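Read the figures in this text as sums done on the coordinates, not as results from a lab. Keep in mind it's a predicted model, so treat the numbers as computed, not measured. Cβ sites come from the backbone with ideal geometry, for glycine too, and all protein chains shown count toward neighbours.
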Amino acid sequence: MQSFELLLQGFGVALQPMNLLYALLGSILGTAIGVLPGIGPALTIALLLPVTISVAPTSAFIMFAGVLYGAMYGGSTTSILINTPGEAGSMMTALEGNKMARNGRGAAALATAAIGSFVAGTIATVLLTFAAPAIAELAFVFKPSDYFALTVVAFTSVAVVMGTSRVRGFISLFIGLGLGVVGIDSMTGAQRLTFGVPGLYDGIDLTVVLVSLFAVGEILYVASRYKPGRDEVIPIKGFAFMTKQDWKRSWGPWLRGTALGFPIGALPAGGSEIPTMLSYTLERKLTRYKDEFGKGAIEGVAGPEAANNAAAAGILVPLLTLGLPTSATAAVLLAAFQNYGLQPGPFLFTSNPQLIWGLIASLYIGNLMLLILNLPLVGVWVRLLLIPRPQLYAGILVFAMIGIWGVSGQVVDLIVMVAVGVMGYVMRVYDFPIAPVLIGLILGPMAEIQLRTALAAGQGNPMILVGTPLSTVLLIIAALFLLAPIVLRRLAK
Amino acid sequence: MSGLSNSSGTAPQRAEAGDSASAGPRPWWLGAAVIALGCVCLYGAAGLAQGARYAAIGPGLFVTIVGGVLVFLGVALLVQIARGETFEAQDSEDASGDEKANPVALATAFAAAVVPIFTMAPLGLPITAMLSFVLVARAFQSRRMWLDFVYGAALGIASWFLFTKLGLQLGGLLPIAGL
């Protein structure tokens, strides 16, 4: 029950007026960017990073959590009303939700999405509250070789699961690893891949790469394939809120979606795509209204939306307890911790309980705020879609260059922005997954330090890497990720 | 589950590959670019110590491994391309992967990204922001260029004041004039 006491203290932190204000700010911003195309939670948090110079860490993370959760709420709005899923996780919502809106049941679809997100977000936060300290406790016994094996699992799973091709997934990952070694080596002081450019001595900042890939790459890609005047917002007719039957058909999918989303979101490379797809398939199998699927079944909105939000909470488990990011958003949150000189992991729970528990408590508050912000005010958010695309994307580029120029004030970073932006364009055209680049960039240096520490402790004997049972098991899991697709394909033949 | 369906889905994809490969040129350069990136890493690693006296590995080994794997992956990609691997452009919110690229729009957007390299230091953020804003809006086929100049300038000046106040080092308002 110690968690419960700590959580109460966390509420004491999160309920301070200043922190409430940051939670509200994050929630509003998150919902807005969830609704807007071209800008997602990872990019938004990356652009907010420089502002953290003047904000206390607890307040900043409370704001970031609001952005993370808010984007999940906002993403469903666009899926339902204009059939363009904002985030990968709201793809399934668009299937049934948009049909419901076309049948004049948009309000009910939005309601089941928002309430489902609230239910799932709250349950997932409860699970996080009790699971995180327990996992953090386990992580205390991790040796460098265990940590190294863990990062290897993260690398292989990210490269294999994300995207359509393993080769392209690994290319993305190793480009990220390559970008990660640029700069002065922290253990020996040697310059690596700087080629004598002073601006590169400090390494390539995650913000620069993330903003270039997500903002510049996206702008180049969308501009090259943009056709004006395609979007059509379906007006919400009347106020056909959820009926008694809607409630009856929604609560099961909400709970099942949460049960799928949280654990999968917590796994390396779990993300939100897989649980939402699984939830949709499951609800389709279980429903008594099979003929409604494909024509606007409410279960098909309720389940995936719940899974989506639960997965968003799930990614916080490995991030907070092990310092292991499993998505682009988690990678930028990790960068935010590093900006403050903090390293997420078991020690953060003992050294900075105020921050961790204040953050967790703020998730409960943020969910409630988002429910209120989204249900009655959905009409306001929809108006954001009236911003003309040319000016919207132009504005995103301006904020991207402020984010990059503000980090360092070096022209080198602007050159990196163009180079990485062009890479982001090519990756979109040839279907390379983008998240592995960021995971490689932020996790690569950590993996290398753990590897070198482990080998130094073992006096150079590589057997130290499989010296503990845990590291052996983890490396076997990593190998399975690598080999499973090949084996499965053989079996299928 | 979905991983399963992904990997088993490669068989029909390969069957279609013949058609689309004949429709467009094969992107050999993609594999070459990956190999080139790997070679850059290997070249950079060549001057570094691979081993260290106390730790078993030095600063260079990790870079060598990354470079070597990139070269290997580049070759693997070339093999895939030779076998007729298809590349489907990703769908985005305002763009469909099936759409053909518009080179003029792409070049205009690219120019918007390049402009800051030359103007940020001498002309400052507000003017740079205005120029890039107009170029991106133009790439997205905005017809009211004069309005875009006004929007861009307003956004540039407003964010310069706001972010400078928040403690960001964005340089002068108009450095060339000493402001």
Quick one: putting +1 on the C-beta of Lys and Arg, -1 on the C-beta of Asp and Glu, what dipole do you get for the protein assembly as shown around its Cα centre, in Debye to the nearest 20? 940 debye
Would you tell me the mean number of C-beta atoms belonging to other protein chains that fall within 10 Å of each C-beta in A:69-79, as a whole number? 0
Summed over the other residues with a beta carbon less than 9 angstrom from that of A:Thr287, with K and R at +1 and D and E at -1, the charge totals +2
Net charge (Lys, Arg +1; Asp, Glu -1) of residues whose beta-carbon lies under 13 Å from that of A:Ile396, A:Ile396 excluded, is -2
Stretched out fully, how many nm does the piece from A:Leu21 to A:Lys244 gain, at 0.36 nm a residue minus the Cα gap? 76.8 nm
Filter A:Lys244/A:Lys285; A:Lys99/B:Lys100; A:Lys99/A:Lys244 down to the pairs with a C-alpha to C-alpha distance above 24 Å, please. A:Lys99/B:Lys100
Farthest towards the positive end of the dipole of chain A, among A:Thr194, A:Val317, A:Gly104 and with Cβ unit charges of +1 on Lys and Arg and -1 on Asp and Glu, lies the Cα of A:Gly104
Placing +1 on the Cβ of each Lys and Arg and -1 on the Cβ of each Asp and Glu in the protein assembly as shown, which of A:Pro275, B:Ile127, A:Met417 has its Cα farthest towards the positive end of the resulting dipole? A:Pro275
Length-normalised contact order for chain A - Cα pairs under 8 Å, 6+ apart - percent: 29 percent
Which of the aspartates and glutamates could be linked to A:Lys248 by a straight reach, that is with a Cα gap under 19 Å, when you skip same-chain ones fewer than 8 residues away? A:Glu96, A:Glu283, A:Asp291, A:Glu292, A:Glu299, A:Glu305
Which whole-number value in Å³ per residue fits the convex hull of the alpha carbons of the stretch A:379-469? 226 Å³
Separation between the B:Val150 and B:Glu99 pseudo-spin-labels, each 7 Å from Cα along Cα→Cβ, expressed in nm? 2.8 nm
Just grab the label-to-label distance for B:Leu179 and A:Phe140, each label 7 Å out from Cα along the Cβ direction, in nm (one decimal). 5.9 nm
Rank-order A:294-300, A:310-316, B:75-81 by packing density, defined as the average count of other C-beta atoms within 10 Å over each peptide's residues, highest first. A:310-316, A:294-300, B:75-81
Explain nothing, just compute: Karplus ³J(HN,Hα) = 6.51 cos²θ - 1.76 cosθ + 1.60, θ = phi - 60°, for every residue of the stretch B:36-44 in order, whole Hz, x for Gly and Pro. 4, 4, x, 5, 4, 4, 5, 4, x
A convex hull over the alpha carbons of chain A yields, per residue, a volume in Å³ of 158 Å³
Take every Cα-Cα distance within the stretch A:400-453, group them into 5 Å bins from 0 onward, and report for each bin the whole-number percent of pairs it holds. 4, 16, 16, 19, 20, 14, 8, 1
Whole-number Å³ per residue for the convex hull built on Cα positions in the stretch A:81-171: 112 Å³
Under the definition of partner shielding as Cβ atoms of other protein chains within 10 Å of a residue Cβ, what is the mean value for peptide B:103-112? 5
Within 10 Å of each Cβ in A:431-439, the average number of Cβ atoms from other chains: 1
Using +1 at the Cβ of each Lys and Arg and -1 at the Cβ of each Asp and Glu in the stretch A:2-492, identify which of A:Ser79, A:Gln9, A:Leu438 lies farthest towards the dipole's positive end. A:Ser79
Alpha carbon Rg of the stretch B:103-177, scaled by the compact-globule rule 2.2 N^0.38 Å: 1.12
Descending packing, highest mean Cβ count within 10 Å first, for A:466-475, A:192-201, A:442-451 is A:442-451, A:466-475, A:192-201
